[in-house]
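All remarks here apply to the structure that follows.
Every read-out reported here was derived from the displayed coordinates using simple, explicitly stated rules and does not represent laboratory data. It should be emphasised that the depicted structure is a prediction, and the values quoted were computed from it without experimental measurement. Here the Cβ is made from the backbone with ideal geometry for all residues, glycine too, and neighbour counts use every protein chain on show.
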Amino acid sequence: MDYLDWRGDLSFERDPLNEVDSLILSLISYNDFEGIVPGVGSKDTIILREAATIFKREKDISHLEDIPFLNEIPGLLHKAAETVRFGTIKLTWFVNQVDPESTKQFAAVTMKLTGKLNFISFRGTDDTLAGWKEDLQMSFMEEVQSQKEAVSYTERAIMSIGGDFVLGGHSKGGNLAIYAASSMNELNKARIEEIYNNDGPGFHSDVIQREGYRSITDRVHSFLPESSIVGMLLEHGTEYEVVKSTGLAITQHNPFIWQVIGNEFILVDSLSKESLNINTAIRSWVTQLSHDERREFVDALFKVLSVTGATSLAELNNEKFGAADAMIKALKTMDSTSKGHLKDTIDLLFDEARKVIKKSIADDIDSFITRRKRKKLKE
C-alpha cells in the first residue's frame with residue numbers, strides 16, 4: 001500500500017516493471033473477476049480502473065471477512081485502480097476453475113502493461129478445500145491439475161497475444177508461473193522475459209531435474225519472507241532472496257507485511273532460525289513417507305474434512321462447531337486402515353518436530369557456552 005502511494009504516479013512506460021510491481025500484479029488475480037474481465041480466447045480487454053469499479057458494485061466479499069490476507073486483496077485492487085501506474089493497464093483472459101472431484105483450483109488473468117509487455121498472473125491457493133488438497137498432492141505427484149492448466153493457458157496466451165511476457169504469482173501461483181515457463185517450447189520460452197515467484201512452494205524432485213526447468217532458472221526471481229514455511233516446501237533448484245517481514249511464522253506468508261522501500265523489497269541475509277527449524281521438521285517428516293503413504297494421508301485427511309459439507313475454509317470457520325462434530329463422527333466411522341495411516345503420519349510429524357526442538361535447544365546451549373568461554377578468555 002505504501003508503494004502505491006510512493007510510486008503510483010509513474011507509468012510503466014516511464015519506470016519499468018520491478019519486483020514490487022510483480023507482487024501487486026500477482027495478488028490482483030486473487031480477485032473474482034468472473035463476468036467482469038473477458039475470458040480466455042477473447043480479443044476484448046477492460047482497464048483495471050473500470051474492472052475495480054464494477055467489482056465494487058457487483059461482488060459480495062463478505063465471505064472473506066475472517067480470512068487473513070485474502071480479505072485485504074479487494075482493498076489493494078481499489079487502491080491500485082486509483083493510480084496512474086496500474087489504473088489503465090488492460091485485463092483479459094480471466095479464468096477461474098475449481099473442481100473438487102478432480103482436485104483442481106486454478107485461476108489466472110493476463111494484464112497488458114504496455115503495448116509490448118504482458119504479465120500473466122497466476123492465483124495462489126484460495127480458501128477452497130480443493131485448492132489446499134491440490135497443494136498437498138504436490139508432495140507425491142509430478143504434475144497436479146493446476147499445473148497442467150497453467151501450461152495450457154500460457155501456451156495459448158503466448159500464441160494469441162502479441163508482445164513479450166512476464167509470469168508471476170504468489171504462493172501456489174509462483175509455483176505455477178515457474179512450472180508453466182519451464183514447460184514451454186523454445187519459441188514460446190524466448191518470449192518470456194522473467195518469472196516471479198513470491199513465497200511459492202517447490203516441486204517434486206523429478207521436475208527440477210528436467211532440462212526445461214534448468215533452462216529458465218536464470219530468469220526466475222524468488223522472494224521468501226524471513227519466516228517462510230510455504231516457500232521452503234519441496235525442492236526448488238534456484239536461488240532465492242529473503243524479504244524482511246513482520247508477523248510470526250506462517251503469518252508472514254501474508255505479503256502485506258513484507259517490507260518495501262522505493263521500488264525494492266528490503267532484504268535480509270537469511271531465513272529466521274524459526275523458519276529453518278520448522279522446515280527441517282517438515283522435510284524430515286516428508287522424506288520418511290513413501291509416495292503412497294503421502295497419498296493415503298492426504299486422502300484420509302480430506303475425507304474427514306469433506307463430511308462437513310464445507311467446500312472452503314470460510315465455511316469451515318463459520319460453522320466450526322457443527323464441522324467439528326461431523327469430523328469426529330467421520331473419524332469414528334473411518335475404516336481402521338485409513339484411520340491408522342492418518343494417526344501414524346500425524347504422530348510421525350510431531351516426533352520430528354520434537355527432535356528438531358530438542359536439537360535447537362541443545363544448539364542454543366552450546367552457543368551460549370561457547371560465547372561465555374570466549375568472553376572469559378578475553379578477560
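In debye, nearest 20, what is the charge dipole magnitude of segment 2-272 about its Cα centre with +1 on Lys and Arg Cβ and -1 on Asp and Glu Cβ, if you could check?
That gives a dipole near 740 debye.
Quick check: net charge around Gln147, other residues with Cβ under 12 Å of its Cβ, Lys/Arg +1 and Asp/Glu -1?
Charge balance near Gln147 sits at -2.
Quick one: grab Rg to one decimal and Dmax as a whole number for segment 93-167, Cα atoms only, in Å.
13.5, 41
Projected onto the charge dipole of segment 58-129 (+1 at Lys/Arg Cβ, -1 at Asp/Glu Cβ, origin at the Cα centre), which of Leu77, Thr103, Ile120 gives the Cα projection farthest towards the positive end?
With unit charges placed on the Cβ atoms, the residue in question is Ile120.
Can you bin segment 2-272 into rounded, prolate or oblate? Criterion: square roots of the alpha carbon gyration tensor eigenvalues sorted a ≥ b ≥ c, rounded for a/c under 1.5, prolate for a/b above b/c, oblate for the rest.
It is rounded, given that a/c, with a ≥ b ≥ c, falls under 1.5.
Give me the extension gain from Ser270 to Glu241: residue separation times 0.36 nm, minus the current Cα-Cα distance, reported in nm with one decimal.
Going from the current span to full extension adds 9.6 nm.
Sort segment 40-149 into rounded, prolate or oblate with this rule: let a ≥ b ≥ c be the square roots of the eigenvalues of the Cα gyration tensor; rounded if a/c is under 1.5, and if a/c is not under 1.5, prolate when a/b is larger than b/c, oblate otherwise.
Numbers: a/c = 2.29, a/b = 1.44, b/c = 1.59.
Because a/c hits 1.5 or more and a/b fails to exceed b/c, segment 40-149 counts as oblate.
Could you tell me what percent of the DSSP beta bridges with both partners in segment 2-272 are antiparallel, to the nearest 5?
50
Please list 217-228, 133-144 highest first by mean number of surrounding beta-carbon atoms within 10 Å per residue.
Output ranking for 217-228, 133-144: 217-228, 133-144.
Going highest first, how would you order 37-49, 82-94 by mean Cβ packing within 10 Å?
Top to bottom by mean Cβ count within 10 Å: 82-94, 37-49.
Per residue of segment 27-36, what does 6.51 cos²θ - 1.76 cosθ + 1.60 with θ = phi - 60° give for ³J(HN,Hα)? Whole Hz please, x for Gly and Pro, Karplus curve as stated.
Ordered by residue, 3J(HN,Hα) equals 6, 4, 5, 6, 6, 7, 9, 4, x, 10 Hz.
What is the local net charge at Ser26, summed over the other residues whose Cβ is closer than 13 Å to its Cβ (Lys, Arg +1; Asp, Glu -1)?
On the way: positive: Arg123, Lys172; negative: Glu19, Asp21, Glu194, Asp199.
Cβ neighbours under 13 Å give a net charge of -2.
DSSP loop trypsin sites (Lys or Arg not before Pro) in segment 147-203 with at most 16 other Cβ atoms within 10 Å of their Cβ, which ones? Mind showing how you got there, number by number?
Details: sites: Lys148, Arg156, Lys172, Lys189, Arg191; in loops: Arg191.
Counting only loop positions with at most 16 other Cβ atoms within 10 Å, the trypsin sites (Lys or Arg not before Pro) in segment 147-203 are Arg191.
Structure shown: which of Lys56/Lys104; Lys79/Lys116; Lys43/Lys116; Lys43/Lys90; Lys104/Lys303; Lys133/Lys172 lie over 19 Å apart, alpha-carbon to alpha-carbon?
Lys56/Lys104; Lys79/Lys116
Mind sorting His253, His291 by how few other Cβ atoms lie within 10 Å of their own Cβ, fewest first?
His291, His253
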